[in-house]
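*Asks:* Dropping a structure here in C-alpha cells format, bear with me for questions.
The values are calculated or read from the model by the stated rules, or taken from the named source; none is laboratory data. Predicted model only: the values in this text are computed from it and were never measured. Cβ sites come from the backbone with ideal geometry, for glycine too, and all protein chains shown count toward neighbours.
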Amino acid sequence: MEDVKKTIESIDEYILNCPQEVQEVLKNLRKVIKEAAPEATEKISYQMPTFFLHGNLVHFAAFKNHIGFYPTSSGIEAFQNELTGYKNSKGAVQFPKSEPLPYELISRMVKYRVVENIKKAEERVIKKKK
C-alpha cells in the first residue's frame, strides 16, 4: 500500500502536528517573524511555514534535532559572521533544539529580507514602466 503524506494547510496546523515540546518554540518563532514583518502573509510552501511579502521572505521547519530557518542565500550571506556558531548552508541555518533560539538575530534577518524584497518589488515596477 502506498504511503500517503498529509498536506499541511496552515502554519497553525503545522505547529499542532509537531511534538508538544517544540510547539512553544515554533509559536515564539512565528511571533518574532510576524513582529519583524507585520505586512507579510503566512502560507505553507515546500510543506514549511512560510512568510510572504513580494515573494517568499523566510521559511522555518522543525526537525528531530534542530529548527531550520531559511532566509534565502542573501539572508545567510548578510549575517554570516553571526551564524558561525550554527550549522548553515547557502540558504539555511540550523538552530539546535538543545539551545534557545537567537530571536534577536532572527528578527534582524527577517527585517533584512523585508527590505530586500521590497527593493526587488520596486525595481520590478520601474522595469515594467520602461
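*Asks:* Count, please, the residues in the range 31-69 that happen to be in contact with a Cys (Cβ under 6 Å, 6 or more places away or on another chain) and within 18 Å of E104 (Cβ to Cβ).
*Replies:* 0
*Asks:* Any idea how many residues of the range 33-51 are hydrophobic (A, V, I, L, M, F, W, C) and surrounded by fewer than 16 Cβ atoms within 10 Å (Cβ to Cβ)?
*Replies:* Summing the residues that are hydrophobic (A, V, I, L, M, F, W, C) and surrounded by fewer than 16 Cβ atoms within 10 Å (Cβ to Cβ) in the range 33-51 gives 0.
*Asks:* Here is a further query. Residues of the range 43-56 being part of a strand (DSSP E or B) and in contact with an Asp or Glu (Cβ under 9 Å, 6 or more places away or on another chain), which ones?
*Replies:* I44, P49, T50, F51, F52
*Asks:* In the list E24, E42, E99, E35, which residue meets the criterion of being of a type in the set (D, E) and farther than 22 Å from I11 by Cβ?
*Replies:* E99
*Asks:* Going by the conditions given, is R113 closer than 25 Å to D12 by Cβ, in contact (Cβ under 8 Å) with a residue 24 or more places away in the chain and surrounded by 12 or more Cβ atoms within 10 Å (Cβ to Cβ)?
*Replies:* In short, yes.
*Asks:* Given the conditions (1) touching a Pro at 6+ places or on another chain (Cβ under 9 Å); (2) assigned to a loop (DSSP other than H, G, I, E, B), report the number of the one that K6 does not fulfil.
*Replies:* Condition (1) is where K6 drops out.
*Asks:* Do you know which residues across the range 67-83 are assigned to a strand (DSSP E or B) and crowded, with 18+ Cβ neighbours inside 10 Å?
*Replies:* I67, F69, Y70
*Asks:* What are the pairs with Cβ atoms under 9 angstrom where one residue, in the range 79-93, is at positive phi and the other, located anywhere, is buried (at least 16 other Cβ atoms within 10 Å of the Cβ) and modelled with pLDDT of 95 or more? Sequence gap at least six, or different chains.
*Replies:* Taking only residues 6 or more apart or on different chains, not a single pair turns up.
*Asks:* Under 7 Å by Cβ, and 6 or more places apart or on different chains, what pairs join a residue from the range 44-70 that is on the phi > 0 side of the Ramachandran plot and without any contact (Cβ under 8 Å) to a residue 60 or more places away in the chain with one that is surrounded by fewer than 19 Cβ atoms within 10 Å (Cβ to Cβ) and outside any strand (DSSP E or B)?
*Replies:* Correct list of pairs: Q47/I8.
*Asks:* Anything in the range 52-65 that is in contact with a helix residue (DSSP H, G or I) (Cβ under 7 Å, 6 or more places away or on another chain), surrounded by 15 or more Cβ atoms within 10 Å (Cβ to Cβ) and of a type outside the set (F, W, Y)? List them, or say none.
*Replies:* Hits for the range 52-65 are L53, H54, L57, V58, A62.
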